[in-house]
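Everything on this sheet refers to the single structure shown next.
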Amino acid sequence: MKPATPFATFASDLARESGAHLMSYLSDAAPEKDIRLKGPTDVVTRADHEVEALIAGRIREAFPGHGLLAEEGTLLKGDEYRWVVDPLDGTANFAHGVPWFAVSIALEHRGEVVLGVVQHPSLEETFVAERGGGAWLSTRDGPFLRLAVSAAATLQASLLATGFAGGQLSARDAALVPRFVRAARGVRNLGSAAIHLGYVAAGRIDAYWEPALHAWDIAAGVLLVEEAGGRVTDMDGTPLRSGDVLASNGRIHAAMLEVIASEGPRSGRGAR
Ligand code: IPD
Ligand code: CA
Ligand code: CA
């Protein structure tokens, strides 16, 4: 079933509008990005706040009773529905003019994610999933395409992705990178958790792992992977809880877990 419910249409339109706003910062007459430090290596820009305000305003207007959790601090209390939003996932890329970043919008109903939209504005790709309705990709003016995870069955035949949360990466998690580089066809860091998850759903990437992510980074993308037939767990193989995420096509999940376990037992959130 194509994602045509009112919530899916609302969130897809809003993600596209947000993405277009982000792209205006990459044009010739681009406004000043006003890049500020959030931590020693972590940046935020004017656009992160503008898009968050745009999304919060539209949600308040359309669904006054709904809650909202968004990365830059907007918190609305609400009824059984709550939106979980990363207005700009891939801020480091954006700040440096690398056109690989996303808008991530998810909707929870009584704590369960029921809708996920990841918008990749520079390619005008919209990844949409509704629980039970499959995962879909729409491109500019194009039809909706049903997404399915890849068929890769070995690490040797797999293209993997990961992300590094700057100075927060533990020595043990850093050690996983060369292990996977040696085991797989390639390891990419495209700079956006939401895009990585959308790409696992689309079968472009066979597995993605990253420790210490937040709800807004992954809420939409996890549903995309699950609805595309993939598997998402914590990096120790238990049900996803900690933010240390392993998402795969399912077929190489055990092999990924085996490599991760070779660096020792884990207890969540990028734990050493
Ligand atoms: C970051 C991106 C990046 C990942 C970081 C995230 P932000 O989100 O998803 O790919 O490696 O862990 O924090 O800060 O650009 O929204
Ligand atoms: Ca993010
Ligand atoms: Ca962000």
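The values are calculated or read from the model by the stated rules, or taken from the named source; none is laboratory data. A quick note: this is a predicted structure, and the numbers were derived from the prediction, not measured. All Cβ positions, even for glycine, are placed from backbone atoms using ideal geometry, and neighbour counts span all protein chains on display. What goes into the accessible areas is simple: the full protein's heavy atoms, side chains included, and nothing from ligands, DNA or RNA. Shrake-Rupley method; radii C 1.70, N 1.55, O 1.52, S 1.80 Å.
A few comments on the model shown:
- For the chain, the longest principal axis of the Cα atoms and the long axis of helix 46-62 meet at an angle of about 60 degrees.
- Where only alpha carbons of region 191-237 are counted, the Rg and the Dmax (Å): 9.6, 24
- Calculated FRET value between GLU258 and SER122, using beta carbons and R₀ = 35 Å, to 0.05: 0.45
- Extreme residue, positive dipole direction of region 6-146, given options ALA92, ALA135, LEU123 (C-beta unit charges): ALA135
- Given +1 at the Cβ of Lys and Arg, -1 at the Cβ of Asp and Glu and no other charges, the dipole of region 155-261 around its Cα centre is 360 debye to the nearest 20.
- Applying 1/(1 + (r/R0)^6) with r as the Cβ-Cβ distance of GLU112 and ALA30 and R0 = 41 angstrom yields a FRET efficiency of 0.55.
- Value of [θ]222 nm, deg cm²/dmol, for the chain, DSSP H segments ≥ 4, -39500 (n - 2.57) each, nearest 500: -9500 deg cm²/dmol
- Along its principal axes, region 6-146 has C-alpha extents of 39, 36, 26 angstrom, given from the largest down.
- Take the Cβ atoms of ASN189 and GLU80, set R0 to 51 Å, and the FRET efficiency comes out at 0.90.
- Selection from ILE59, GLY191, SER27, by position along the positive dipole direction of the chain (Cβ): GLY191
- Normalised alpha carbon radius of gyration of the chain [divisor 2.2 N^0.38 Å]: 0.95
- Charge dipole (debye, nearest 20) of the chain; +1 at Cβ of Lys and Arg, -1 at Cβ of Asp and Glu: 700 debye
- Taking the chain as a Gaussian network of alpha-carbon nodes connected by springs under 10 Å, the highest mean-square fluctuation of the residues ALA47, ALA29, ALA174 belongs to ALA29.
- Here's the picture: charge each Lys and Arg Cβ at +1 and each Asp and Glu Cβ at -1 in the chain, and of ALA228, ILE105, ALA157 the one pushed furthest to the positive end of that dipole is ALA157.
- Candidates GLY250, GLY191, GLY97: whichever shows maximal mean-square fluctuation once the chain is modelled as a Gaussian network with Cα springs under 10 Å: GLY97
- Computed over region 80-214, the percent of Cα pairs more than 25 Å apart is 31.
- Fluctuation leader among PRO40, PRO143, PRO178 - the chain, Gaussian network, Cα springs under 10 angstrom: PRO40
- Spin-label pair THR5-LEU54: with each label point 7 Å from Cα along the Cα-Cβ axis, the two points sit 2.5 nm from one another.
- Each principal axis of region 155-261 carries a Cα extent, and these read 31, 30, 26 Å when sorted largest first.
- Only protein atoms count toward the accessible area here, which uses a 1.4 Å probe; on region 1-74, the carbon and sulfur part of that area reaches 57 percent.
- Separation between Cα centres of region 145-178 and region 1-30, rounded to whole Å: 27 Å
- Apportionment of accessible area to carbon and sulfur, region 155-261, percent (1.4 Å): 52 percent
- To the nearest 10, the accessible area of SER18 is 0 Å² with a 1.4 Å probe.
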